[in-house]
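Enquirer: Dropping the structure in here first, questions after.
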Amino acid sequence: MKFTILINEGPYQHQSSDSALHFVQAALEKGHEIFRVFFYHDGVNNGTRLAVPPQDDRNLPKEWSALAEAHGLDLVICIAAAQRRGVMDADEAKRQGLDADNIAPGFRISGLGQLIEGGIQSDRLVVFGD
Amino acid sequence: MSEVKKFLYVNRKAPYGSIYALESLEVVLIGAAFDQDVTLAFLDDGVYQLVKGKNTEAIGMKNFSPTYSALGDYDVTKIYVEKESLEARGLTLGDLMDLKYEDEDDDWAEKDSIRVVSASEMADIMDTQDIVLSF
């Protein structure tokens, strides 16, 4: 089955990102296809490479990046939600005249149309929220 | 992308106390460009999103409530509000914004977008959807 995943909450504050990560890992192990993972609302904070959780805790942004690299996942951060919350790639930071970017490897920033397209193209759209 | 799917946006949270209502509306407006079959549902505290006469000046936030009135122009014409959620909060249809759309199949007659339905009817509406986005 082909899935698109929507993550609506930030890492650590809510379990959504953990649950989504485990779902995606399990789906891939079972041979399913992940068409896209879309990060919205505070979910965009999963895509910052500047998160430094305690060493004895999981590092969710790094786990997403590693999973993306291993399986060629399409991790998309909503641009409107990301701009509000200060999640930037190099191009967007330059365009906004900012002095830094913080997007984690394997993530890309794009529009909400990517979420709708994911819904249209996939067999299931699974929402992980509060 | 010729396939048309049934998209339901479920709005469960009050506006302004959190960003879910505003960002849900942003998805609906962007999604409208994809020519899908769109339905909106408002339940729990989400019914407060449609209450008329809001003034956000004192909380220093942008009042995005007028945007709901534009939904008809985006061909978002099916807006269901759960009766039990209204009643539990002492609200009636008369407390909500008067959202309209022009029906192109009926000589552009102006019609009400909002329909109040029971929880049981809402469950049936949810059951018929391809995609349910809950905010």
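A short reminder: the numbers here are calculations on the coordinates, not readings from a lab. This is a predicted model, so every value here is computed, not measured. Every residue, glycine as well, gets a Cβ built from its backbone with ideal geometry; the counts of neighbours run over all protein chains shown.
Enquirer: Any chance you could count how many residues in the stretch B:33-62 are out of contact with any Leu (no Cβ under 8 Å at 6 or more places or on another chain) and either small (Gly, Ala, Ser) or at the interface with chain A (Cβ under 9 Å from one of its Cβ atoms) (or both)?
Expert: 7
Enquirer: Residue A:37: assigned to a helix (DSSP H, G or I) and closer than 15 Å to residue A:114 by Cβ, yes or no?
Expert: Taking the combined requirement at face value, the residue does not satisfy it.
Enquirer: Just to verify a result, which residue in the stretch A:1-16, among those that are more than 16 Å from residue A:103 (Cβ to Cβ) and surrounded by 24 or more Cβ atoms within 10 Å (Cβ to Cβ), is farthest from the other protein chains (Cβ to nearest Cβ)?
Expert: Top of the filtered list is A:5.
Enquirer: Looking at A:104, A:80, A:51, A:27, which one is among the aliphatic types (A, V, I, L, M), within 16 Å of residue A:5 (Cβ to Cβ) and touching a residue at least 24 places away in the same chain (Cβ under 8 Å)?
Expert: Only one candidate passes the filter, namely A:27.
Enquirer: Same structure, new question: Could you name every one of the helices (runs of 4 or more DSSP H) located completely within the stretch A:43-130 that has at least 1 residues being crowded, with 19+ Cβ neighbours inside 10 Å and within 14 Å of another protein chain (Cβ to nearest Cβ)?
Expert: A:79-85, A:113-121
Enquirer: Scanning the stretch A:5-31 for residues that are in contact with an Asp or Glu (Cβ under 9 Å, 6 or more places away or on another chain) and assigned to a loop (DSSP other than H, G, I, E, B), which turns out nearest to residue B:11 (Cα to Cα)?
Expert: Among residues in the stretch A:5-31 that are in contact with an Asp or Glu (Cβ under 9 Å, 6 or more places away or on another chain) and assigned to a loop (DSSP other than H, G, I, E, B), the one nearest to residue B:11 (Cα to Cα) is A:8.
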